[in-house]
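> Below you will find the structure I want to go over with you.
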Amino acid sequence: MNRKGFTLIELLVVIFIIALISTIAMVALNNARSKSRDVKRASDIRQIITAMSLYQEEANDFPATMTAGGSIAYGTRVYMVTIPTAPLPADGTCSSSQNSYSYTYVNAHSFTIVYCLGENTGEISSGLNTATPASMY
């Protein structure tokens, strides 16, 4: 008697292998997403610093406030159309309350932006970081 088809054990083994590969792929995808959010945060801060520096050259001062979703402009010149918000969700060592860009005006020549990275990104360490006009580390 020749029976064609798969046994229950063969089907279960194939299903297990597919589930294992899917799990590994999901873990790798989640790690890549987390790293991409940290790279976005670092890029946002660099762009904000650049826009603030251009603003300061024109106005001889930094803006008193900076609001996510607002713009960085002086007179008719717009240096950043929309100030970005930190990507969601918070990652790694950062809590939800730390997942923002917190701007503080210091004086006409300085400001700080506090932000959080879930993991080391390039030369920037994980956790809370402070960016200034001179450096973002």
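> Tell me the Kirkwood radius of the range 9-131: reciprocal of the mean inverse pair distance over distinct alpha-carbon atoms, in Å. Spell out each step's value before the answer.
Numbers: mean 1/r = 0.0603 Å⁻¹.
Taking every pair of different Cα atoms in the range 9-131, averaging 1/r and inverting gives 16.6 Å.
> Counting pairs of alpha carbon atoms under 8 Å apart in space and at least six apart in sequence, what relative contact order in percent does the chain give? Kindly include the intermediate steps, with their values, before the conclusion.
Working: 193 pairs, mean separation 26.6, N = 137.
Taking the mean separation of contacting Cα pairs over the length of the chain, I get 19 percent.
> Next question. With unit charges on the beta carbon (Lys/Arg positive, Asp/Glu negative), name the residue among L11, M80, T93 whose Cα is farthest towards the positive pole of the charge dipole of the chain.
In the chain, that residue is L11.
> When Lys and Arg each count +1 and Asp and Glu each count -1, what net charge do the other residues less than 15 Å away from A42, Cβ to Cβ, add up to?
0
> Might you report the magnitude of the Cβ-based charge dipole of the range 8-137 about its Cα centre, with Lys and Arg at +1 and Asp and Glu at -1, to the nearest 20 debye?
Charge dipole of the range 8-137: 140 debye, to the nearest 20.
> Give the residue list of chymotrypsin sites (Phe, Trp or Tyr not before Pro) in the range 1-61 that are DSSP loop and have at most 16 other beta-carbon atoms within 10 angstrom. Show your work: numbers first, answer last.
On the way: sites: F6, F16, Y55; in loops: F6.
Qualifying residues, ordered by number: F6.
> Kindly provide the helix-only [θ] at 222 nm of the chain, computed as the sum of -39,500 (n - 2.57) over DSSP H runs of four or more divided by all residues, to the nearest 500 deg cm²/dmol?
-14500 deg cm²/dmol
> Select from the range 29-137 those GluC sites (Glu not before Pro) which occupy a DSSP coil region and have at most 11 other Cβ atoms within 10 Å, ordered by residue number.
Values: sites: E57, E58, E119, E123; in loops: E119, E123.
Sparse-neighbourhood loop GluC sites (Glu not before Pro): E123.
> Distance between the C-alpha centers of the range 54-95 and the range 101-124? Whole Å please.
So the separation of the two Cα centres works out to 11 Å.
The numbers here are math on the coordinates, done by the rules we state, and not lab data. Because the structure is predicted, anything quoted here is derived from the model rather than measured. Virtual Cβ from ideal backbone geometry, glycine too; neighbours counted across all protein chains shown.
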